[in-house]
Amino acid sequence: MFTQLPAELILLVLYNLDLRSIRTLTLVSKYWKHFIDENESSVYHALAVQHGYIPSRSLDFSLLSSLYSSKSLQGVTDWKSFCQRRVHINRSWAGKTASRYAAYSSTGDAVHRIKVDENAGLIITSFRNGGLRVCDIKENEILWSLPESYVKQYAHLEYGQGYLIFDCLGGSKEVWRLASDIPAGSTSSSKSKITPEQCNASEGASNRHSATYPKGHFKPWAMLKMPRPTRAFRFVYPTLLVGAWDHAFLWDIPSIELIQTIASVQQPEDPVAQFAVVLASAPIYGVSPPRLGALENLNYVEVDSTHVFVCGINALRVFSRATGRCILDVPSARREWGHRKFTLLYESDRYQESVLVNQHTSMEEFSSTSPLPERSVDEFVAVHVSSCGRHLVAMLASSRVVIIKDFEKSPASLFDRMIQIQLGFIFSHSKYLAIHQDHLAVATNNGLFIFSLSDTLNANAEKPLVISRVPYFGYNVYMSNVTCLQLSDAGLYLNWDPAYLAYSEASSEEQDRLESVFRTNVNNRTTRYARMPTGDLIVLLDDEEFLTEIASVCGIDFVPAIE
């Protein structure tokens, strides 16, 4: 029947199929194989749109480099090979096809923070003993640097769209910009906010690395003086969020303007009380809603175009950028952390040539009538928001992740929209949480774990959650030294000892030992709490291990090896 239709109509039908169905058609029918081969470019171009690989069919093949790194496009010659590459990378992230370990020795020996720009081919690092370095991902060579005498010890890094931000002694934030992004002959709109010290540092760096100009070179953009002492900061282009004790400051970085200040971060009005007052017709009360308890010290901040997220010792809070008001408060003291609880199991599957092991999970469900344990305190230490802006992912101190689906919805149904994931031994420290598009990665002293946000939101008893583990990034002594974890489209990056990584890959005895340690940790169900004066329980975490001398950038490459 289809063979009698005009070619234009047949193509419209094919555009609605997935890649697997297209491949099946070419295998079972000579007619379909011939038709698809004849119209290959049109078919796979449309499939790239359908799968979300490109925004629209108006995008020309030559413009793919504006969306994807040269690393992920290596060997891609047409729309068909592009779709095949995207399928491989996605399956590789899920531990279902080949991936490989990687080490970047040029990044330094005592790495503290890492930022990666795969499109520009850059890895940026700061160090325990001070300094900053920019390296070429492909060539594994130093492109540009600032010395220890200029960048402070343990400097925090933020980066996006060519803007690099790090903190200084005294609390100021330095902003630099990729030299290649600044039009030739132009001057920075923020030139008046650049200090002489920045200019001198820039000149010295240019002289030391003149042979690599302009790749990886940065020029000073501004020195931001903070209105108050600050604790944490996060940059999501174009906005820099800086958290102080009781304020959140939002800067537009291209223009270097302070565009918003959110006050009363510590004790804002209670959003649940606000909700109740609105339902009851607020004017009859004649009083303001009660205020929340103090947040205490800030652990982490996050920002997107509509919200500010703040992790403190006592709670996780979300503020509306439109109103400046708190719209969600999740206290650190709870009986359970969600309607569904997934717990990592030792049972696993492994696909040939993948460096990941896919761990099974068990699932429990709780309701408002379920018997719940005593209330316990577990501190929020990190938070990120999904790319769609609807869901948030938070990390607790005790190797546990909490996901809140549709966090803007009514607080009354909050528990039913919360999902908790226990990643092994509860007394092991959480180290770092990273997110990129649909991929989540969590480093704890139990290991390094990767899973999909969408899979987690949709997981249930019939469709169990699978969590990938990276076995050679699992030794608790080395995991306790992880201070940064970053994800990109085609790679994962963390600070690790490359010599130990090579040893783990080569030694079957070490592999067996690591597996034995993980088995013990994941099967450990013992409890260890202390009782607080409030009557709440608090998790007692294990002591951290010693600091290893070497910590370079290592990771996983999800792009297939091209010979």
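Results for (1) of a type outside the set (A, V, I, L, M, F, W, C); (2) within 14 Å of V318 (Cα to Cα); (3) modelled with pLDDT of 95 or more, shown as yes or no for each residue.
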site: A222; (1), (2), (3): no, no, yes
site: Y237; (1), (2), (3): yes, no, yes
site: G243; (1), (2), (3): yes, yes, yes
site: A248; (1), (2), (3): no, yes, yes
site: D252; (1), (2), (3): yes, no, yes
site: T261; (1), (2), (3): yes, no, yes
site: D270; (1), (2), (3): yes, yes, no
site: A273; (1), (2), (3): no, no, no
site: V277; (1), (2), (3): no, no, no
When the residues of the range 215-226 are filtered to those that are assigned to a loop (DSSP other than H, G, I, E, B) and buried (at least 19 other Cβ atoms within 10 Å of the Cβ), which remaining residue is farthest from the chain's Cα centre (by Cα)? H217
How many residues are surrounded by fewer than 20 Cβ atoms within 10 Å (Cβ to Cβ) and under 21 Å from the mean Cα position of the chain (by Cα) when one looks only at the range 344-362? 2
Unique match (being modelled with pLDDT under 95 and over 25 Å from S264 (Cα atoms)) among K215, K191: K191
Can you find, within the range 331-369, the residue that is nearest to A98 (Cα to Cα) among those that are in contact with a Pro (Cβ under 9 Å, 6 or more places away or on another chain) and aliphatic (A, V, I, L, M)? V355
Right, Q422: more than 30 Å from A333 (Cβ to Cβ) and out of contact with any His (no Cβ under 6 Å at 6 or more places or on another chain) or not? no
Can you find, within the range 384-409, the residue that is surrounded by the most Cβ atoms within 10 Å (Cβ to Cβ) among those that are under 17 Å from H429 (Cβ atoms) and not small (G, A, S)? M395
Please specify each residue of the range 427-446 satisfying the condition of being of a type in the set (A, V, I, L, M, F, W, C) and either assigned by TED's automatic domain parsing to the domain that holds G160 or crowded, with 24+ Cβ neighbours inside 10 Å (or both). L440, V442, A443
Cβ-Cβ below 8 Å, separation at least six or inter-chain, first residue in the range 289-300 and outside the structural domain of P229 (by TED's automatic domain parsing) and touching a residue at least 24 places away in the same chain (Cβ under 8 Å), second part of a strand (DSSP E or B) and among the basic types (K, R): which pairs? L292/R317; L295/R317; N297/R231; L298/R231; Y300/R234
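Looking at S468, S488, S454 in this structure, which one is surrounded by fewer than 19 Cβ atoms within 10 Å (Cβ to Cβ), among the polar types (S, T, N, Q) and either within 21 Å of S92 (Cβ to Cβ) or at pLDDT 95 or above (or both)? Working first, answer last.
Working: S468 fails: surrounded by fewer than 19 Cβ atoms within 10 Å (Cβ to Cβ); S488 fails: surrounded by fewer than 19 Cβ atoms within 10 Å (Cβ to Cβ).
Result: S454 is the single residue among S468, S488, S454 that is surrounded by fewer than 19 Cβ atoms within 10 Å (Cβ to Cβ), among the polar types (S, T, N, Q) and either within 21 Å of S92 (Cβ to Cβ) or at pLDDT 95 or above (or both).
Modelled with pLDDT under 95 and surrounded by fewer than 20 Cβ atoms within 10 Å (Cβ to Cβ), is that true of S320?
Here the answer is no, as S320 does not meet what is asked.
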Could you tell me how many of the residues in the range 227-260 are in a strand (DSSP E or B), touching a residue at least 12 places away in the same chain (Cβ under 8 Å), of a type in the set (D, E, K, R) and surrounded by fewer than 19 Cβ atoms within 10 Å (Cβ to Cβ)? 2
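Give the residue, chosen from I123, I89, I142, I114, that is within 26 Å of Y15 (Cα to Cα), at pLDDT 95 or above and among the hydrophobic types (A, V, I, L, M, F, W, C).
When all the criteria are applied, what remains is I89.
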From the list K80, K71, K33, which residue is over 30 Å from T483 (Cβ atoms), assigned to a helix (DSSP H, G or I) and in contact (Cβ under 8 Å) with a residue 24 or more places away in the chain? K80
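The values are calculated or read from the model by the stated rules, or taken from the named source; none is laboratory data. Computed from a prediction, not measured in an experiment: that's the story for all the values here. As a convention, Cβ positions derive from the backbone with ideal geometry for all residues, glycine included, and neighbour counts pool all protein chains shown.
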